[in-house]
Amino acid sequence: MQSVSNDTLAIALAKEGGLSFIYGSQSIEAQAQMVAKVKGYKAGFVVSASNLTPENTLNDVLALKAQNGFSTVAITDDGTATGKLLGIVTGRDYRVSRMEGTEKVKTFMTPREKLITAPGNTTLKAANDIIWEHKLNALPVVDEDDHLMYFVFRKDYSSHKANPLELLDDKKRYLVGAGINTRDYETRIPALLAAGADVLCIDSSEGYSCWQSKTIDWVRKTYGDSVKIGAGNVVDRDGFLFLARAGADFVKVGIGGGSICITRETKGIGRGQATALIEVAAARDEYFRETGIYVPICSDGGIVHDYHMTLALAMGADFLMLGRYFARFDESPTNKVMVNGAYMKEYWGEGSNRARNWQRYDLGGASKLSFEEGVDSYVTYAGSLHDNVEGSLYKVKSTMCNCGVTNLQDLQAKAKLTLVSSVSIVEGGYHDVTLRSNSPTK
């Protein structure tokens, strides 16, 4: 979603062990750039993304930094990531206020003879030991001919120690997903994969369609099983089986249950989230018994309180997709504004006119959406993602302990779900008391 899942939130969520899908309602180039930023944020051995020659200028260094955000620039004989290493430039090598932009890199770079490097067969642990021993921020790794192979950065080691749950690929980079549509997928998907996207998901409010099947079929014919792609959304057994048989790697469940979604009241399409989730979970298990293929399901929508997360997992969800929840945090891409004396964050649906998501909703032939399926709104600002996710996960784990389980499989098998009345819901909160002003209410 435009108001939730950009690169900054993707990085913050990956640090906590979660996965964000970069929104697809933007140009292919812009989406691919966001994916690349996440993949390049940290790693173990990093191929240099910023490279110049000694003949380049300070202006070139500044332009490169503005373009990709990296302050470490490798100086090689041919200006490539694998050229012969001649030096490096960092922010400590120049002062913009006292230097001309036309000054050559060779006059202020740290030359090769002053660099501490490591050979190509160095392990990541050994590289980090060298970094700490010599108090380095970046360690170049070179081959036997002194050609640059990789960088190892101090910040990546520190990040891993500070975030033990972080979600990484085999190159120690953060995992990130990307949303796609059923129109320009033949050009969008190759660009996203080239940027490093780990998993794709068809972004649609209605997944039970031939268009999703055709998109998945193209992916399978083009990439085989090497590309993971999810599909959805569906709300019943038939929809799930259709997408599972089409080859989807996971299926999203939920239509009209999101806090900013008005599909049900606009078109009369959708289903209660709990009812849909329970039926689709049963269909998933049925499909597994018949084929031996387990297709995970994602509960998308209907999460208001933290305990709703545990309910969704107990009803059969393998994982959850959250929009409003993450829109409240510092790391989401929207503005923090003051509304009626309280800080809020902007939050709008992909089906709203503000999103202008023609790939997902527009029927064509007009300059704007024919009608809206989402609203433009505010959500209460909640602070940092880390603090809130940590608190929410504590609640989920605590509830699981109350159920006598320590994993999702046992939770789904042993949790007892009970239909309660409105009176019981009132009874379950604080009642018949006057709260002190400093009493917690969360």
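Just so it is clear, none of the values below were taken in a lab; they were calculated from the coordinates. If you're wondering where the values come from, they're calculated on a predicted model, not measured in any experiment. When we count neighbours, we look across all protein chains shown, and the Cβ atoms used for this are built from the backbone with ideal geometry, even at glycine.
Stick to Cα atoms and the Kirkwood definition of Rh, then tell me Rg/Rh for the range 1-151. Before the final figure, lay out each step's value.
Details: Rg = 17.2 Å, Rh = 16.9 Å.
Value, to two decimals: 1.02.
Note on the range 6-28 and the range 163-183: Cα centroid distance 8 Å, given to the nearest whole angstrom. From most to least packed by mean Cβ count within 10 Å, the peptides 325-338, 11-24, 386-399 give 11-24, 325-338, 386-399.
Rounded, prolate or oblate: which fits the range 186-341 when a ≥ b ≥ c are the square roots of the eigenvalues of the alpha-carbon gyration tensor, with rounded for a/c under 1.5 and prolate only if a/b beats b/c? The partial results should precede the final answer.
Details: a/c = 1.83, a/b = 1.25, b/c = 1.46.
Note, shape of the range 186-341 comes out oblate.
Tell me, Thr434, Thr80 in order of fewest to most beta-carbon neighbours within 10 Å? Intermediate results must be reported in sequence, preceding the final value.
Values: Thr434 6, Thr80 15.
With the sparsest Cβ surroundings first, the list reads Thr434, Thr80.
For the chain, adding -39500 (n - 2.57) for each run of n ≥ 4 DSSP H residues and dividing by the number of residues yields -10500 deg cm²/dmol at 222 nm.
In the chain, a dipole from Cβ-located charges (positive for Lys and Arg, negative for Asp and Glu) runs towards its positive end, and of Thr275, Thr80, Met344 it is Met344 whose Cα lies farthest in that direction. Just want the answer: with Cβ charges of +1 for Lys and Arg and -1 for Asp and Glu, which residue in Val141, Pro119, His160 is farthest toward the dipole's positive end in the range 51-162? Most positive-ward Cα: His160.
Please state the charge dipole magnitude for the chain, taken about the Cα centre, from unit charges on C-beta atoms (+1 on K and R, -1 on D and E), reported in debye and rounded to the nearest 20. Provide the component values of the computation, followed by the final result.
Details: 49 positive and 52 negative charges, 140 e Å.
So the dipole magnitude of the chain works out to roughly 680 debye.
For Arg220, Arg98, the sequence from fewest to most other C-beta atoms within 10 Å is Arg98, Arg220. Return the label of the correct value of mean projected area of the Cα convex hull in nm², as calculated from the structure shown, out of (1) 24.1; (2) 27.6; (3) 22.8. Here the calculated entry is (2). Just how far, in whole angstrom, is the range 400-427 from the range 93-119 if you go by their alpha carbon centroids? A separation of 61 Å, based on Cα centres. When Ile278, Ile255, Ile131, Ile297 are sorted by how many other C-beta atoms sit within 10 angstrom of their C-beta, beginning with the fewest, the order is Ile278, Ile131, Ile297, Ile255.
Here the relative contact order of the chain, from alpha carbon pairs under 8 Å that lie six or more residues apart, stands at 14 percent.
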